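Colleague: Here it is, the structure in full.
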Amino acid sequence: MPAITLPDGSVRRYDNPVSGADIAKSIGAGLAKAALAVKVDGELTDLVRPIDRDARIEIVTSKSPDAFELLRHDAAHVLAEAAKELYGDQVQVTFGPAIENGFYYDFHREAPFTPDDLAKLEKRMHEIVDRDEPITRDVWSRDKAVDYFKSIGERFKAEHIATIPADEDISIYSQGKFTDLCTGPHLPSTGKLGHAFKLMKLAGSYWRGDAKNAQLQRVYGTAWPSEDQLKAHLHQLEEAEKRDHRRIGKEMQLFHLQEEAVGSVFWHPNGWALYRVLERHMRRRLEDEGYLEVKTPQLLDRALWERSGHWEKYREHMFIAQTEDEKILALKPMNCPGQVQIFRQGLKSYRDLPLRLAEFGSCHRYEPSGSIHGIMRVRAFTQDDGHIFCTEDQITGESVRFCAFLRSIYKDFGFEDVVIKFSDRPPVRAGSDEIWDKAESSLKAAIEATGLPYSMNPGEGAFYGPKLEFVLRDAIGRDWQCGTLQVDFVLPERLDASYIGEDGQKHRPVMLHRAILGSFERFIGVLIEHYAGRFPMWLAPVQAVVATVTQDGDAYAADVLTALKKAGLRAEIDLRNEKINYKVREHSLAKVPALLVVGKKEAEARTVALRRLGGSAQEVLALADVVHRLKEEAAAPSS
């Protein structure tokens, strides 16, 4: 007689095992119709699976957060069913998971899929949804499953199932004439998927992700609970394409990338100007906040990385160098071990804590070439890194202070919407469970003291400690994880950092790892896409261009440029023998905020015609007034 506790705390008792579908029906016809799955004691499961014990349950509908992955997983199965119906034995299915914002399925097929195939597949998917085929689950023995998939020519499925232990049961789902190996859960029927999905693109992949194996074709799609959400997502993708930092970076002559330096950025003068604006602003804010700037070496001996734990836990991401005497060095993937060495120099007292160290540290991490994306994900980058060495009693105060500091800096750059995620212990980690218990409880107490809302992000902590992740939302609604705050009891112990306490004895400091931008490269990419290259005046690489109408204005244009530069503005001059409309278009493409047009008339009156980016009107002003106005607009935000 299971006692079922509902989300509102009420309890319903049933004489026999009961399914989520039965529970939804007993609550009301509306819920029964909307139900997609059920969560039993926090675990998502099929709506028809019997519940034979006391449990807390939640009926999942299209409005539930869990609906996204459920719908996308089913969309992948419907895609596979469509492919088998259209191409029969010409196509073999492999695997198709839900992913962020969508799904994919990998197929083996001799003939390449084309955009026309995507249209056919999508049409057949809609037909399968309209057929509203029941989705059923069976449990087979491993050998039965192997034999079945071999019998229908699905050798990839059979090969995978054969690797599963013989005594393990296999979960099998069927819809229409399509059967697939899957752990589930799934929707009650294909009709529950709805029509808010779209196939997006094709890509290549390999069986089991190994280039030595058969090449597969991957079909990507997106799926949403409603048509409005699908339309909003597709609109966001269109906007994202317009804002692509790689294209805008080229138009604005900010940077370029090339094969001879995979994952490294060639900064052009305009891009480096933007980089330095960020660096100067961050340096000023850090100094005001009481940080001391340091610099640590690029190459460190393997022995230090072994003591820190990075050699064991992070080796595959590190670039290694070997000297003639066979000494092994590593380019630092992060700055923390080096900053601990600075802390260890000289005797530290509790009176010296908290000690806030900051570093614009150049790091190198091996990222597979396929994962590199413009300047968003690179191999060589500079972190706005920092470490706060403090006592256990200071963790909360320093964390609250840091969160306020971080949010004020994000506001400087135009980001008001910040989400916080709490990432706890990962499967691969250093330190005992007792240490992790203490670190997690300390960080949780700290974030709760801020009063800021946060969500859990299970298993995503760093290998040496739990962390807060700060996620920005940009102008078109995309999320970017940038800042972090980590509580670390492990590294100070491993690297023998200590201070003298009030009792005259040695104690280990707590190490708070923190970053705000994350990396300059990635944050600049985020800024480019957030603003679509139309930076506020204080960030713009080139803030103003003086452009002449005719050669009669050349001498005066030089005077205007000098006045702008004396006022601290980043300004350029355009004396080319081109029509002014051509110059306006070109500098608009380069996203220059202010264009100062001068000719013979302006030279005689000591005025300029001011044109703003994106506007067609111009304003004629005295030179001194223009310089004063632009200087005020170009001032960086103050703390």
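The values are calculated or read from the model by the stated rules, or taken from the named source; none is laboratory data. All values derive from a computational prediction rather than experimental measurement. Note: ideal-geometry Cβ built from the backbone for every residue, glycine included; neighbour counts use all protein chains shown.
Colleague: Of all residues in the stretch 313-342, count the ones that are among the aliphatic types (A, V, I, L, M), at pLDDT 95 or above and surrounded by fewer than 17 Cβ atoms within 10 Å (Cβ to Cβ).
Modeller: 0
Colleague: For V428, state whether it is surrounded by fewer than 17 Cβ atoms within 10 Å (Cβ to Cβ), at pLDDT below 95 and not in a helix (DSSP H, G or I). Spell out the reasoning first.
Modeller: Working: surrounded by fewer than 17 Cβ atoms within 10 Å (Cβ to Cβ): yes; at pLDDT below 95: yes; not in a helix (DSSP H, G or I): yes.
Taking the combined requirement at face value, the residue satisfies it.
Colleague: Another question, if that's okay. Among the listed residues A82, A32, A21, identify the single one that is crowded, with 18+ Cβ neighbours inside 10 Å, free of Cβ contacts under 8 Å to residues at least 60 places away in the same chain, over 30 Å from W480 (Cα atoms) and not hydroxyl-bearing (S, T, Y).
Modeller: On the way: A32 fails: crowded, with 18+ Cβ neighbours inside 10 Å; A21 fails: free of Cβ contacts under 8 Å to residues at least 60 places away in the same chain.
So the residue among A82, A32, A21 that is crowded, with 18+ Cβ neighbours inside 10 Å, free of Cβ contacts under 8 Å to residues at least 60 places away in the same chain, over 30 Å from W480 (Cα atoms) and not hydroxyl-bearing (S, T, Y) is A82.
Colleague: Still on this structure, please answer the following. So which of P453, P466 ends up being more than 29 Å from E279 (Cβ to Cβ), crowded, with 17+ Cβ neighbours inside 10 Å and not basic (K, R)? Steps first, answer last, please.
Modeller: Working: P453 fails: crowded, with 17+ Cβ neighbours inside 10 Å.
Of P453, P466, the one residue that is more than 29 Å from E279 (Cβ to Cβ), crowded, with 17+ Cβ neighbours inside 10 Å and not basic (K, R) is P466.
Colleague: In addition: Looking only at the stretch 544-561, which residues are in a helix (DSSP H, G or I) and out of contact with any strand residue (DSSP E or B) (no Cβ under 8 Å at 6 or more places or on another chain)?
Modeller: Result: Q551, D552, A555, D559.
Colleague: If I go through the stretch 441-467 residue by residue, how many of them are in a loop (DSSP other than H, G, I, E, B) and either touching a residue at least 40 places away in the same chain (Cβ under 8 Å) or not assigned by TED's automatic domain parsing to the domain that holds G483 (or both)? Break it down stepwise before answering.
Modeller: Keep residues of the stretch 441-467 that are in a loop (DSSP other than H, G, I, E, B), which gives 451-454, 457-461, 463-464, 466.
Right, trim to either touching a residue at least 40 places away in the same chain (Cβ under 8 Å) or not assigned by TED's automatic domain parsing to the domain that holds G483 (or both) and you get 452, 463-464, 466.
Looking only at that region, the number is 4.
Colleague: If you go through the stretch 562-583 one residue at a time, how many are over 21 Å from E633 (Cα atoms), not in a loop (DSSP other than H, G, I, E, B) and not acidic (D, E)? Spell out how you get there, then give the answer.
Modeller: Going through the stretch 562-583, the residues over 21 Å from E633 (Cα atoms) turn out to be 574-583.
Narrowing further to those that are not in a loop (DSSP other than H, G, I, E, B): 574, 580-583.
If we keep only those that are not acidic (D, E) as well, we get 580-583.
Count: 4.
Colleague: Give L595, L564, L613 a once-over and let me know the one that is touching a residue at least 40 places away in the same chain (Cβ under 8 Å), over 30 Å from E287 (Cβ atoms) and either in contact with a strand residue (DSSP E or B) (Cβ under 6 Å, 6 or more places away or on another chain) or among the polar types (S, T, N, Q) (or both).
Modeller: The match here is L595.
Colleague: Let me spell it out: the conditions are (1) closer than 30 Å to N213 by Cβ; (2) in contact with an Asp or Glu (Cβ under 9 Å, 6 or more places away or on another chain); (3) not in a strand (DSSP E or B), and F113 meets all of them except one. Which number is the exception?
Modeller: Only one criterion in (1) closer than 30 Å to N213 by Cβ; (2) in contact with an Asp or Glu (Cβ under 9 Å, 6 or more places away or on another chain); (3) not in a strand (DSSP E or B) is unmet by F113, namely (2).
Colleague: Condition check: in contact with an Asp or Glu (Cβ under 7 Å, 6 or more places away or on another chain) and either over 17 Å from I135 (Cα atoms) or hydrophobic (A, V, I, L, M, F, W, C) (or both). Does L36 satisfy that?
Modeller: Working: in contact with an Asp or Glu (Cβ under 7 Å, 6 or more places away or on another chain): no; either over 17 Å from I135 (Cα atoms) or hydrophobic (A, V, I, L, M, F, W, C) (or both): yes.
Considered against the rule, which asks whether it is in contact with an Asp or Glu (Cβ under 7 Å, 6 or more places away or on another chain) and either over 17 Å from I135 (Cα atoms) or hydrophobic (A, V, I, L, M, F, W, C) (or both), L36 comes out as no.
Colleague: When the stretch 178-205 is examined, which residues are found to be free of Cβ contacts under 8 Å to residues at least 60 places away in the same chain and more than 25 Å from the chain's Cα centre (by Cα)?
Modeller: T179, L181, T183, S189
Colleague: Please verify whether G338 is part of a helix (DSSP H, G or I), of a type in the set (G, A, S) and touching a residue at least 12 places away in the same chain (Cβ under 8 Å), treating the condition exactly as stated. Steps first, answer last, please.
Modeller: Working: part of a helix (DSSP H, G or I): yes; of a type in the set (G, A, S): yes; touching a residue at least 12 places away in the same chain (Cβ under 8 Å): yes.
So G338 passes the test.
Colleague: Now, a different point. Sort out which residues of the stretch 471-515 are farther than 30 Å from Q236 by Cβ, hydrophobic (A, V, I, L, M, F, W, C) and either outside the structural domain of K411 (by TED's automatic domain parsing) or in a strand (DSSP E or B) (or both), and write them in order of number. Outline the logic, then answer.
Modeller: Just the residues of the stretch 471-515 that are farther than 30 Å from Q236 by Cβ, to begin with: 486-514.
With hydrophobic (A, V, I, L, M, F, W, C) added as a condition, the list becomes 487, 489-491, 495, 497, 500, 510-512.
Across the stretch 471-515, the qualifying residues are V487, I500, V510, M511, L512.
Colleague: Give the number of residues within the stretch 153-174 that are among the β-branched types (V, I, T) and surrounded by 15 or more Cβ atoms within 10 Å (Cβ to Cβ).
Modeller: 3
Colleague: Any idea which of (1) assigned to a loop (DSSP other than H, G, I, E, B); (2) at pLDDT 90 or above is the one R53 doesn't satisfy?
Modeller: For R53, the exception is condition (2).
Colleague: When the stretch 288-327 is examined, which residues are found to be aromatic (F, W, Y) and part of a loop (DSSP other than H, G, I, E, B)? If you could, list the steps in order and put the result at the bottom.
Modeller: Pass one, the stretch 288-327, residues aromatic (F, W, Y): 291, 305, 311, 314, 319.
Y291, Y314, F319 - these are the residues of the stretch 288-327 that are aromatic (F, W, Y) and part of a loop (DSSP other than H, G, I, E, B).
Colleague: Within the stretch 100-110, restricting attention to residues that are in contact (Cβ under 8 Å) with a residue 24 or more places away in the chain and closer than 21 Å to N213 by Cβ, which residue is nearest to the chain's Cα centre (by Cα)? Full working, then the answer.
Modeller: Taking the stretch 100-110 as the starting set, the residues that turn out to be in contact (Cβ under 8 Å) with a residue 24 or more places away in the chain are 101-109.
Narrowing further to those that are closer than 21 Å to N213 by Cβ: 104-109.
Values: Y104: 19, Y105: 23, D106: 24, F107: 28, H108: 31, R109: 33 Å.
Selected residue: Y104.
Colleague: What number of residues within the stretch 444-463 satisfy the criterion of being in contact with a Cys (Cβ under 8 Å, 6 or more places away or on another chain) and either modelled with pLDDT under 90 or not hydrophobic (A, V, I, L, M, F, W, C) (or both)? Full working, then the answer.
Modeller: So the first thing to find is which residues in the stretch 444-463 are in contact with a Cys (Cβ under 8 Å, 6 or more places away or on another chain), and the list is 447, 450, 452.
Cutting the leftovers down to either modelled with pLDDT under 90 or not hydrophobic (A, V, I, L, M, F, W, C) (or both) gives us 450.
Summing the residues that are in contact with a Cys (Cβ under 8 Å, 6 or more places away or on another chain) and either modelled with pLDDT under 90 or not hydrophobic (A, V, I, L, M, F, W, C) (or both) in the stretch 444-463 gives 1.
Colleague: Any idea which residue in the stretch 149-174 is modelled with the lowest pLDDT, counting only those that are within 26 Å of D22 (Cβ to Cβ) and either part of a loop (DSSP other than H, G, I, E, B) or touching a His at 6+ places or on another chain (Cβ under 7 Å) (or both)? Outline the logic, then answer.
Modeller: First, pick out the residues of the stretch 149-174 that are within 26 Å of D22 (Cβ to Cβ): 169, 171-174.
With the extra rule that they be either part of a loop (DSSP other than H, G, I, E, B) or touching a His at 6+ places or on another chain (Cβ under 7 Å) (or both), the set shrinks to 169, 173.
Details: D169: 88, Y173: 94.
Only one residue tops the list, namely D169.
Colleague: Still on this structure, please answer the following. Is it the case that some residue within the stretch 373-383 is assigned to a strand (DSSP E or B) and closer than 26 Å to Y499 by Cβ? Give the steps one after another, and end with the answer.
Modeller: Start the filter on the stretch 373-383 by keeping residues that are assigned to a strand (DSSP E or B), which leaves 373, 377, 380-383.
Subsequent filtering for residues that are closer than 26 Å to Y499 by Cβ retains 383.
Yes, that holds for at least one residue.
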